[in-house]
Amino acid sequence: MYKLNKKGQPIRLKWMGDSNEAGCQSSFKTKKIFRFAQVGYAYCVLYSGENCAAGSEVSAKWHGRTYKNADFDVDQPQTKLVKGTEWFLSQDKNIEINSWYCEYS
C-alpha cells in the first residue's frame with residue numbers, strides 16, 4: 001500500500017496485522033492510500049468499510065504494462081485486484097481503506 005505525502009510523493013506503508021494470512025483482514029486504524037501492490041495472492045479486494053463489509057468495495061485501475069491474457073478489461077476500474085504492483089485507487093489523492101480480503105490461488 002502506498003499513500004501520497006503532503007508533497008504528492010508516494011510513500012510505502014507497512015502492512016499491519018496478519019497480512020500473510022488469506023481472508024478478511026481489518027485495520028485497527030483507517031489507512032489512506034492511492035496505490036496498491038499485490039504480489040502474494042491470486043487476488044485481493046479492498047474495502048472502505050470494516051470487516052470487508054459488502055457494498056464497500058473500492059475500485060482501482062490498472063496503470064502498469066499491458067496485462068497479457070488478462071481476464072478483465074484493463075481500461076475499466078476493478079474491485080478484484082489480481083497480481084501486480086500498479087493498481088491505482090486514484091492518481092492524485094488518498095482513498096480510505098479499512099479492510100481487505102485476499103485469496104491464495
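The values are calculated or read from the model by the stated rules, or taken from the named source; none is laboratory data. Owing to the predicted nature of the structure, the values given are computational and were not obtained by experimental measurement. In this analysis, Cβ positions are derived from the backbone assuming ideal geometry, glycine residues included, and neighbour counts consider all displayed protein chains.
Taking the conditions exactly as written (in contact (Cβ under 8 Å) with a residue 12 or more places away in the chain, under 13 Å from the mean Cα position of the chain (by Cα) and surrounded by fewer than 17 Cβ atoms within 10 Å (Cβ to Cβ)), does Lys80 satisfy them or not?
Against the criterion (in contact (Cβ under 8 Å) with a residue 12 or more places away in the chain, under 13 Å from the mean Cα position of the chain (by Cα) and surrounded by fewer than 17 Cβ atoms within 10 Å (Cβ to Cβ)), Lys80 qualifies.
Right, Tyr47: in contact (Cβ under 8 Å) with a residue 60 or more places away in the chain and touching a strand residue (DSSP E or B) at 6+ places or on another chain (Cβ under 8 Å) or not?
no
Conditions (1) touching a His at 6+ places or on another chain (Cβ under 7 Å); (2) of a type in the set (Ser, Thr, Tyr); (3) at pLDDT 90 or above, marked per residue:
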{"position": "Asn69", "(1), (2), (3)": "no, no, no"}
{"position": "Phe72", "(1), (2), (3)": "no, no, no"}
{"position": "Gln76", "(1), (2), (3)": "no, no, yes"}
{"position": "Leu81", "(1), (2), (3)": "no, no, yes"}
{"position": "Phe88", "(1), (2), (3)": "yes, no, yes"}
{"position": "Asp92", "(1), (2), (3)": "no, no, yes"}
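Residue by residue through the stretch 28-44, note down the ones that are in contact with a strand residue (DSSP E or B) (Cβ under 6 Å, 6 or more places away or on another chain) and under 15 Å from Asn94 (Cα atoms).
Matches in the stretch 28-44: Thr30, Lys31, Lys32, Ile33, Phe34, Arg35, Phe36, Ala37.
Given the conditions (1) surrounded by fewer than 16 Cβ atoms within 10 Å (Cβ to Cβ); (2) at negative phi, and given that Leu89 satisfies all but one, which numbered condition is not satisfied?
Failed condition: (1).
Considering the stretch 22-44 alone, what residues qualify as being exposed (fewer than 14 other Cβ atoms within 10 Å of the Cβ), of a type outside the set (A, V, I, L, M) and either free of Cβ contacts under 8 Å to residues at least 24 places away in the same chain or over 27 Å from Gln9 (Cβ atoms) (or both)?
Within the stretch 22-44, Gly23, Phe28, Lys29 meet the criteria.
Regarding the stretch 67-82, can at least one residue be identified that is farther than 17 Å from Leu13 by Cα and among the small types (Gly, Ala, Ser)?
yes
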